[in-house]
Ligand SMILES: C[S@@+](CC[C@H](N)C(=O)[O-])C[C@H]1O[C@@H](n2cnc3c(N)ncnc32)[C@H](O)[C@@H]1O
């Protein structure tokens, strides 16, 4: 497994689900995603987390055939409890994905990659940090798509800091900074959760920022062509027919 793709969310896995549910409307996300999925019958979720996106997709379209992958055993266990046997779930790194089948579509809703605004411009924020490994991740997804199949990557607000309170009197804060090295920009997200009677839980997550031109080159090299889309929340790529 790619060393960048260890259990990235292990430190916050007891709090992750409540945190993200407080941050976003998963039913609205599922509705928007279904519009883009069109008549896709088989779908791969790249970074399924605790299964919230899938749960809401299936509420709206119960016949959808969904497979989810993730590198985090703690989050996958929660996805299994949430989704039961309605969904195939695999502990797998997208960079080494080999499921032996093809899908009509794949998506990442804040999973292995997402789009953020970097200085006002769209940029891919990739949990996979190494450039070659990012190229490999796109190639592995392309290999799991049927000709004409689509990869859909969401935009997210992960660039913003936030703080607040969750049920059970848990307080959280998320600080974000951008680290600039000689040849790369990395978004650093630092989470802290404080619950009464428990030691604070910390999690640091990094995502490499790549400008849109570079992403397009990586995607095209993997056989995925960018598609113009009406919904600015999502970027779509199509596998060559
Ligand atoms: C911010 S969470 C989003 C989870 C879920 N999509 C949601 O919307 O709630 C990012 C997820 O991507 C997973 N992930 C990151 N890198 C990955 C990789 N290389 N392969 C598979 N999953 C990955 C993480 O373990 C984590 O569960």
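The values are calculated or read from the model by the stated rules, or taken from the named source; none is laboratory data. Keep in mind the model is a prediction, meaning the values are calculated, not measured. Reconstructed Cβ throughout: ideal geometry from the backbone, glycine too, with neighbour counts over all protein chains shown.
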Return yes when residue 48 is near the ligand (Cβ under 9 Å from one of its atoms) and surrounded by 15 or more Cβ atoms within 10 Å (Cβ to Cβ) and no when it is not. yes
Name the helices (runs of 4 or more DSSP H) wholly within the range 8-126 that hold at least 2 residues that are in contact with a strand residue (DSSP E or B) (Cβ under 6 Å, 6 or more places away or on another chain)? 13-23, 26-37, 73-83
Considering the range 146-168, residues that are within 16 Å of the ligand (Cβ to nearest atom) and over 18 Å from residue 53 (Cα atoms), and then whichever is surrounded by the most Cβ atoms within 10 Å (Cβ to Cβ), we arrive at 159
If you go through the range 165-174 one residue at a time, do you hit one that is modelled with pLDDT of 95 or more and not in a strand (DSSP E or B)? no
Starting from residues that are crowded, with 18+ Cβ neighbours inside 10 Å and over 13 Å from the mean Cα position of the chain (by Cα), keep the ones in the range 87-97 and report whichever is farthest from residue 8 (Cα to Cα). 87
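For (1) under 23 Å from residue 18 (Cβ atoms); (2) modelled with pLDDT under 95; (3) crowded, with 23+ Cβ neighbours inside 10 Å, each residue gets a yes or a no:
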position	(1), (2), (3)
55	yes, no, no
70	yes, no, yes
127	yes, no, yes
136	no, no, no
Evaluate the range 29-41: report whether one residue or more is under 17 Å from residue 111 (Cα atoms), touching a helix residue (DSSP H, G or I) at 6+ places or on another chain (Cβ under 7 Å) and near the ligand (Cβ under 9 Å from one of its atoms). yes
What residue, of 84, 119, 100, 74, is surrounded by fewer than 20 Cβ atoms within 10 Å (Cβ to Cβ), away from the ligand (no atom under 13 Å from the Cβ) and under 23 Å from residue 189 (Cα atoms)? 119
Output the number of the condition that residue 181 fails; it satisfies all remaining conditions of (1) more than 14 Å from the ligand (Cβ to nearest atom); (2) closer than 30 Å to residue 199 by Cβ. (2)
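So that you can scan it fast, the table gives a plain yes or no per residue for (1) farther than 30 Å from residue 164 by Cβ; (2) at pLDDT below 95:
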{"site": "197", "(1), (2)": "no, yes"}
{"site": "203", "(1), (2)": "no, yes"}
{"site": "207", "(1), (2)": "no, no"}
{"site": "215", "(1), (2)": "yes, no"}
{"site": "223", "(1), (2)": "yes, no"}
{"site": "227", "(1), (2)": "yes, yes"}
{"site": "231", "(1), (2)": "no, yes"}
Filtering the range 190-208 for residues that are in contact (Cβ under 8 Å) with a residue 24 or more places away in the chain and outside any strand (DSSP E or B) leaves a count of 2
